[in-house]
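This report refers to the structure that appears directly beneath it.
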């Protein structure tokens, strides 16, 4: 979906990419949060949704579009050809340029737009007196527009920086990657950012579904309900992040940023199988822990804590699966 255009910082492909990805994200998460979670009772708070989700979505949408650009950029556009575009974007490559800085810049811009656009919109929406249904639709439409706008701007500022950065890494002399450098890269570019994202999404959906006003539960919330909910959330988050990070891993492997052992690879079937096993393990662990601690039911706060921990663990598991799957794809391309 991405293409290079040296006359503009943002191409139509980037714009359409942002629109489509944002629409899918808002439809899935917003639909689950507002409509599925509020099916039996009052709809969840639009303010909670706006405080948590748009920031997460701005980061993920921007990240995926930028990496689409890196993946689709031909080798001939690296270095000198892209230098002018990098300068026009206002972000300069220097000896300190790194993938860490790329993540940092994406998050910095996302927080800036979140403070300037999303929080004021949330305040205005909370201040006006309108029906619950209209409030929901305004929150969904507003978040869609704000996420799309923010992502497009950030992509226009950072995509040539990312292409030039990876272009330098792709063409640099390849050597053995130190295991400690690889581990550090994985922790700060895979585990940590995706765990935060998984935590935010899991916590948001748990709040929406299990709060008392939802009408989903008229009595106490039992261990089995929480266990299967956390297992389902873990499965979805780990599968999604495995899909995203395998594309990230392919680029990082080509950039010589990752160290793998000889047997570190994973085929498609095994990836799905292990994700199923992981989500089943989450369910089993909650049952065992509850039995050991003599817990028969949970409060809303306890459920949110459990779901967020499960979301973080799922993100890490998904990242591992994505890393191994990305390596397998890279090896198959060399054959």
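The values are calculated or read from the model by the stated rules, or taken from the named source; none is laboratory data. Treat the numbers as computed from the prediction; the structure is a model and nothing was measured. In this analysis, Cβ positions are derived from the backbone assuming ideal geometry, glycine residues included, and neighbour counts consider all displayed protein chains.
Side notes on the structure shown:
- When region 120-142 is filtered for residues that are touching a helix residue (DSSP H, G or I) at 6+ places or on another chain (Cβ under 8 Å) and surrounded by 12 or more Cβ atoms within 10 Å (Cβ to Cβ), the ones remaining, listed by number, are 121, 122, 125, 126, 135, 136, 138, 139, 140, 142.
- Subset of region 143-179 (residues that are modelled with pLDDT under 90, surrounded by fewer than 19 Cβ atoms within 10 Å (Cβ to Cβ) and in a helix (DSSP H, G or I)): 168, 170, 171, 179
- Verdict on residue 295 being crowded, with 22+ Cβ neighbours inside 10 Å, more than 22 Å from residue 240 (Cα to Cα) and touching a residue at least 24 places away in the same chain (Cβ under 8 Å): no
- A single member of 210, 191, 153 is closer than 22 Å to residue 52 by Cβ, touching a strand residue (DSSP E or B) at 6+ places or on another chain (Cβ under 9 Å) and touching a residue at least 12 places away in the same chain (Cβ under 8 Å), and it is 210.
- Reported count of residues in region 25-60, each being surrounded by fewer than 20 Cβ atoms within 10 Å (Cβ to Cβ), at pLDDT 90 or above and either farther than 24 Å from residue 189 by Cβ or not assigned by TED's automatic domain parsing to the domain that holds residue 117 (or both), is 7.
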